[in-house]
Amino acid sequence: MRLDEKELSAIITMVIEELQQREKNNKTSGNGIFHDINDAIDAASKAQQELIELPIKKRNEIIDSMRKVILDNLELLSRMAVEETKMGRVDDKIKKNELVAVKTPGTEILETEALTGDHGLTLVEMAPFGVIGSLTPSTNPSETIINNAIGMIAAGNSVVFGPHPSAKRVSHKTVELLNAAIMEAGGPQNLITTVYEPTLDTARALIDHPGINILVATGGKAVVKAVLSSGKKAIGAGAGNPPVVVDETADVRKAARDIVIGSSFDNNLPCISEKEVIAVKAIYDKLIEFMQEEGAYRIKGDAVKALEELVLTQKDEYKARSCTTGEKLPPSAYGPNKNFIGKDALVILKELGISAGKDVKVIIVETDKNHPFVFNEMLMPVLPIVKVDDVDEGIKTAVEVEHGNRHTAVMHSKNVDNMTRFARAIKTTIFVKNAPSYAGIGVGGEGFTSFTIAGPTGEGLTSAKNFVRIRRCVLANALSIL
Ligand code: NAD
């Protein structure tokens, strides 16, 4: 069938009208996902105005409803994240999503301060900023959205998310579910918004938009730098490279078990996971032996070179240099091969032609401290182990390889002086003793959870407390009943 020009034009007009109608629907359906970042910000701004008109009781009901919808969809979100990003493990993502749904603080963490005296009553209250722009990572896509959304809304804000492009579908689903739960509890539509096609350009537009009152970046160095140079108030939660030091006083069996569990959790994607082991020579061999019994596969000999070639890539700027001069390149010349980030240890071993038992969770390899496996945040279950003479050398090495990120460090020791010395020297936001790294975010350790750990800007494990403006309200010479 051939169409004449008039018929063709009529069809095109119909399609355009249909698309415009859909767009209109998207703007008003309240699922929070928009084509244009400006519309997403406008809608979130309107929603925030409505939120602050509601009583705190309603805010609590909204948060309860958000927690519930996530608990009802743990498996869906976890599967979507693994399928879309091709990183991590479904069973561990279920635990992470559950953790943020249950242990993210709500409004109860916000406390008003009252000062009374001869001059009356002064209240110091925690008020909302307004609309928050939150950039989220591919490594914990739904978890970061859930965690930040609960904390930000508890503090009376709305939020516009800039998800990582490679995790957009699971991020959309999370936003959609949370908005439906908010509306079901009687909250405003579009309290959480985002865009259909998140890109670096939409992230940039979000950062620069005058309607965004505060920025929160959860990711690597580049995004933290981008928000900190925005001229706005910004919270930066950046990269880590957590070392774990084991000294001669440690319960070596327990240390081995904790390190294997912590470093293999979600295939080493969490920023807090143990990224390199530094062990004193007195317990070094025992530690490796026990780690193998706990599910670590030790790579040695020629296989080490094959592993390096598989999971490392040389950075472009160094390629020409090594060819022409033949010099040995520094560890910074290499980075993790993206194809293996967040992959199962068994997948990596299979690529090397090694078949191992299905209990294997992590690959261990003995290196020196200048190896690219130690230098880089590998974000995969490949764990280097460095031998040192004593705990002093161990602490010094750990400080060096953490690169001043001040993120997370772990120690296995029974010696209080050693633990104190290490904690003082490394100055990390999280310092875990005698447990897997995730004890630092409230799993088997005391305290609430957070997936936005702000080392560079100093808020630490963020919660609703960090998403507020402190305001003082003074009533002079009255209402003090002292
Ligand atoms: P990433 O930095 O590539 O992306 C994070 C977000 O920032 C994404 O939304 C991305 O689109 C955006 N982004 C990246 N560069 C940008 C730029 N120049 N301008 C504007 N936006 C930009 O991170 P990833 O690979 O998805 O996640 C892994 C990294 O995040 C690791 O380094 C990990 O340690 C870190 N991380 C830190 C925390 C923390 O709480 N400190 C939590 C999770 C992940």
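Readers should treat all values here as calculations from the given coordinates under stated rules, not as data from a laboratory. Please read all numbers here as calculations on a predicted model, not as lab measurements. Glycine also receives a Cβ, built like all others from the backbone with ideal geometry; neighbour counts cover every protein chain displayed.
A compact table of results
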| item | result |
| --- | --- |
| Segment LYS58-TYR196, length gained on full extension (0.36 nm per residue, minus Cα span) | 46.8 nm |
| Dipole magnitude (debye, nearest 20) for the range 50-162, charges at Cβ of Lys, Arg, Asp, Glu | 440 debye |
| Charge tally in the Cβ shell below 14 Å around ASN339, where Lys, Arg are +1 and Asp, Glu are -1, ASN339 excluded | +1 |
| 16 Å cut-off, amide nitrogen to a point 7 angstrom out along GLU108 Cα→Cβ, residues in the range 40-65 | 57-65 |
| For the chain, size of Cβ-based charge dipole, Lys and Arg +1, Asp and Glu -1, in debye | 320 debye |
| Global geometry of the range 97-168, whether rounded, prolate or oblate, following the gyration tensor of its Cα atoms and the 1.5 cut on a/c | prolate |
| Ratio Rg/Rh, restricted to the chain and using Cα atoms, in which Rh is the Kirkwood radius | 1.04 |
| Descending Cα extents along the principal axes, the range 243-447, whole Å | 51, 37, 33 |
| Those lysines that a straight Cα-Cα span of less than 18 Å connects to LYS46, excepting residues fewer than 8 apart in one chain | LYS24, LYS27, LYS58 |
| Cross-link table LYS86/LYS305; LYS96/LYS173; LYS95/LYS350; LYS68/LYS343; LYS86/LYS350; LYS300/LYS328, entries beyond 23 Å C-alpha to C-alpha | LYS86/LYS305; LYS95/LYS350; LYS68/LYS343 |
| Gain in span if fully extended, GLU184 to ASP285, counting 0.36 nm per residue against the direct Cα distance | 30.6 nm |
| Theoretical ellipticity at 222 nm over the chain - DSSP helices of four or more residues, -39500 (n - 2.57) apiece, nearest 500 | -13500 deg cm²/dmol |
| Distance (nanometres) between label positions extended 7 Å along Cα→Cβ at SER480 and LYS465 | 2.7 nm |
| Hits among lysines - C-alpha to C-alpha of LYS414 under 21 Å, sequence gap 8 or more where chains match | LYS254, LYS281, LYS286, LYS387, LYS396, LYS427, LYS433 |
| DSSP-defined beta bridges in the chain - what % are antiparallel, rounded to 5 | 30 percent |
| Percent of beta bridges antiparallel (DSSP, the range 243-447, rounded to nearest 5) | 10 percent |
| Degrees between helix 302-311 axis and first principal axis of the chain (Cα, 0 to 90, nearest 10) | 20 degrees |
| Helix axis angle, 5-28 relative to the chain longest principal axis, alpha carbon, degrees | 80 degrees |
| From phi via Karplus (6.51, -1.76, 1.60), per-residue ³J(HN,Hα) for the range 362-369 in Hz, x at Gly/Pro | 8, 9, 10, 8, 7, 9, 9, 6 |
| Helix axis angle, 168-184 relative to the chain longest principal axis, alpha carbon, degrees | 50 degrees |
| Inter-site label distance for GLU50 and GLU446 at 7 Å from Cα along Cβ, in nm | 4.2 nm |
| Relative contact order (%) - the range 243-447, alpha-carbon pairs under 8 angstrom, separation at least six | 31 percent |
| For peptides 274-283, 434-443, sequence by mean Cβ density within 10 Å, most packed first | 274-283, 434-443 |
| Gain in span if fully extended, THR116 to SER332, counting 0.36 nm per residue against the direct Cα distance | 72.1 nm |
